[in-house]
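The values are calculated or read from the model by the stated rules, or taken from the named source; none is laboratory data. This one's a predicted model, so the numbers in the text were calculated from it and none came from an experiment. In this analysis, Cβ positions are derived from the backbone assuming ideal geometry, glycine residues included, and neighbour counts consider all displayed protein chains. SASA here: full protein model, heavy atoms, side chains in, ligands and nucleic acids out. Shrake-Rupley method; radii C 1.70, N 1.55, O 1.52, S 1.80 Å.
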Amino acid sequence: MARISPAEKSDWSPDLIEFIGEFRSSVLGDTPADTHPAGANLLGTLARYPALAKAFLTFNGHLLYGSTLSERRRELLVLRVAAVRQCDYEWAQHAILAEIAGIPKEQIEKVRESVPGADWDAIDKALLSAADELLTDGAVSADTWQVLAGEFDENQLMDIVFTIGTYDMLAMALRSFGVEPEADLEPYLPRR
């Protein structure tokens, strides 16, 4: 049950409607809008605090369409955060984005395993480990950093840390506010 009810779109200010429209257009790019659930409950909840919504979505926009990471790697990180934090809304939204990024459904499900298995290549395993380490210890271990630094440049390393941190914060907000999945997200909710 929602602790902060989403604002009806008819109650959003015109400048917020325009801002969110531009944000969604930037995130979707050339991808048809009907492949992405609208996220009405999240956006409606954020719309209750327009200044925060604009600031957060501007920053989050970098992670979604300005990041130096590939879409595939970004989505692995976000899914790992959603799995560890048991944030069903975040999981469902990003399971869709992961499929669009070309991650097979079987691999998406493997992101939820408690320890990354041998199915992952060294880089993907290091990315998943980085997420686990940041979420438990607040820092990427020296061993994991060494693997990542052998593959990624400084900007990419920063995007890895900020992606994990931002989606951890978003998971906290989604769960604390009680943001409920829309009907079109239900097929993507994690099976427990």
Requested in this report: Would you mind classifying the range 61-135 by shape? Square roots of the alpha carbon gyration tensor eigenvalues, ordered a ≥ b ≥ c; an a/c under 1.5 is rounded, otherwise it is prolate if a/b is larger than b/c and oblate if not.
Outcome: rounded
Requested in this report: Could you tell me how many degrees, from 0 to 90 and to the nearest 10, lie between the Cα long axis of helix 71-84 and the main elongation axis, the longest principal axis, of the Cα atoms of the chain?
Outcome: 80
Report summary line: If one compares the long axis through the Cα atoms of helix 154-177 with the longest principal axis of the Cα atoms of the chain, the angle in degrees, nearest 10, works out at 50
Query - Probe 1.4 Å, protein heavy atoms only - accessible area per residue of the range 82-192 in square angstrom - result: 51
Report summary line: Given unit charges at Cβ for Lys, Arg (+) and Asp, Glu (-), the dipole magnitude of the chain about its Cα centre in debye, nearest 20, is 460
Report task. Enumerate the lysines that Lys9 could reach by cross-link, defined here as Cα to Cα under 25 Å, with residues fewer than 8 away along the same chain left out. Result -> Lys54
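If you scale each eigenvalue of the Cα gyration tensor by 5 and take the root, what three semi-axes come out for the chain, rounded to whole angstrom and sorted largest first?
With the √(5λ) rule applied to the chain, the semi-axes are 28, 18, 16 Å.
Given only helices, namely DSSP H runs of n ≥ 4 each adding -39500 (n - 2.57), what is the per-residue ellipticity at 222 nm of the chain, to the nearest 500 deg cm²/dmol? Spell out each step's value before the answer.
Values: 9 runs with 115 residues, N = 192.
Value at 222 nm, helices only: -19000 deg cm²/dmol.
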**Report entry** ³J(HN,Hα) computed for each position of the range 90-107 - Karplus, 6.51 cos²θ - 1.76 cosθ + 1.60, integer Hz, glycine/proline x
**Finding:** 4, 4, 4, 4, 8, 5, 5, 5, 5, 4, 4, 6, x, 7, x, 3, 4, 6
**Report entry** Accessible-area value, Met158, 1.4 Å probe, nucleic acids and ligands omitted, Å²
**Finding:** 110
Report summary line: In terms of the charge dipole of the chain, which places +1 on Lys and Arg and -1 on Asp and Glu at the beta carbon, the residue among Gly39, Ile96, Ser10 farthest towards the positive end is Ser10
Query - Whichever lysines have a C-alpha closer than 23 Å to that of Lys125, once near sequence neighbours (fewer than 8 apart) are set aside - result: Lys105, Lys110
**Report entry** Rounded Å value of the spacing that divides the Cα centres of the range 46-96 and the range 167-186
**Finding:** 11
Report task. Rounded to the nearest 10 degrees, what's the angle between the helix 50-61 long axis and the longest principal axis of the chain, both from Cα atoms, 0 to 90? Result -> 30
Query - Of all accessible heavy-atom area on the range 43-192, the percent that carbon and sulfur account for (1.4 Å) - result: 54
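Taking the square root of 5 times each eigenvalue of the Cα gyration tensor, what semi-axes in Å does the equivalent ellipsoid of the range 76-187 have, largest first? Numbers along the way, then the final one.
On the way: eigenvalues 112, 53, 28 Å².
The three semi-axes for the range 76-187 are 24, 16, 12 Å.
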